[in-house]
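Beneath this line is the structure, given in structure tokens, with notes to follow.
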Amino acid sequence: AFAISALDLVGIHLAGRPLVVLAACETSEAAPYLHETWDLPAAFLAAGARAVIASDAEMPDADAARFFGGVRARLAGGATVARATRDERRAWAGRPGASWVDHVLVFETFVPGAGQ
């Protein structure tokens with residue numbers, strides 16, 4: 001198995017300001033540095049991602065694929081990353097075993113003058 005770490009992204013530049021979806025368990029957990037935030041979402045943002053969607057909880061693979069597929073469909077329909085994620089979380093609310101969707105977070109960068 002291969003796992004990417006925040007350190008693997010140091011010096012990397014992601015062209016085109018992509019959206020990064022980390023559909024694996026607990027990918028938004030921060031490293032234990034008291035003086036700064038350093039985790040995968042922060043590393044992807046520093047590398048040039050416009051936004052990162054990640055979770056700090058365990059999620060079933062099959063459900064994660066369906067959930068993020070729903071987010072992608074909402075994005076294709078013109079929703080912003082935050083709105084698409086929020087609306088998909090609402091759509092999953094109350095499903096048995098889907099409490100993990102409450103832990104799906106959006107990390108975004110602010111670029112003055114850039115529309116989203």
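Just to confirm the filter: which trypsin sites (Lys or Arg not before Pro) across the range 74-103 are DSSP coil and have at most 10 other Cβ within 10 angstrom of their Cβ?
In loop regions of the range 74-103 (DSSP not H, G, I, E or B), there are no sparsely surrounded trypsin sites (Lys or Arg not before Pro).
Take Thr80, Thr85 and sort them by solvent-accessible surface of the protein heavy atoms, 1.4 Å probe, largest at the top.
Thr80, Thr85
The values are calculated or read from the model by the stated rules, or taken from the named source; none is laboratory data. Because the structure is a prediction, the values reported are computed rather than measured. Cβ sites come from the backbone with ideal geometry, for glycine too, and all protein chains shown count toward neighbours. Surface accessibility is based on the protein's heavy atoms, side chains included, excluding ligands, DNA and RNA. Shrake-Rupley method; radii C 1.70, N 1.55, O 1.52, S 1.80 Å.
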